[in-house]
1. For the range 20-104, take N as its residue count and report Rg(C-alpha) divided by 2.2 N^0.38 Å.
2. Using the beta-carbon distance between L28 and A80 and R0 = 35 Å, what value does 1/(1 + (r/R0)^6) give for FRET efficiency, to the nearest 0.05?
3. Net charge near G32: determine it from the other residues with C-beta under 14 Å of the C-beta of G32, scoring Lys and Arg +1 and Asp and Glu -1.
4. On a full-extension model of 0.36 nm per residue, what is the gain between Q60 and V104, subtracting their alpha-carbon distance, rounded to one decimal in nm?
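Readers should treat all values here as calculations from the given coordinates under stated rules, not as data from a laboratory. Model, not experiment: these values are computed from the prediction. As a convention, Cβ positions derive from the backbone with ideal geometry for all residues, glycine included, and neighbour counts pool all protein chains shown.
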Amino acid sequence: GLVTFAKALGGAMWVVNPCRQVYSDVNLPQRGGGRLTQVGYATLQGHLIEGEERLCASFQPEQRTVTLTLRSVSRGSGWAGKALFPLMGGMQRRFFLDQIESVVKGVSGAKCVGPKECF
């Protein structure tokens, strides 16, 4: 199992969200000699949001680029999740940007190009 933690109200409130990895593909060959690695996880009962998220890294040797894609399909779960879901947009965006930032920081010499250069 996998658990994510979310904090709100400046850290005054914490939420534990259970998840499970549902697939992982490592170093798959792509057109043009590229490689792709991806992992997907889904929420479990007790999570405020129900859905799936995927993080994918694709390397294209001709352009010497790595593209990170983060995809989320979700909705509120249970009465609390459904009530709070419209307010979670900013928290989810920060969560996704933190994931991308962690990957970029882990790669020497990497830079991020995207929405507001990611951070």
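1. For the range 20-104, the normalised Cα radius of gyration comes out at 1.30.
2. With R0 = 35 Å, the Cβ-Cβ based efficiency is 0.35.
3. Value of the local net charge: +2.
4. Stretched fully, the Q60-V104 segment lengthens by 14.2 nm.
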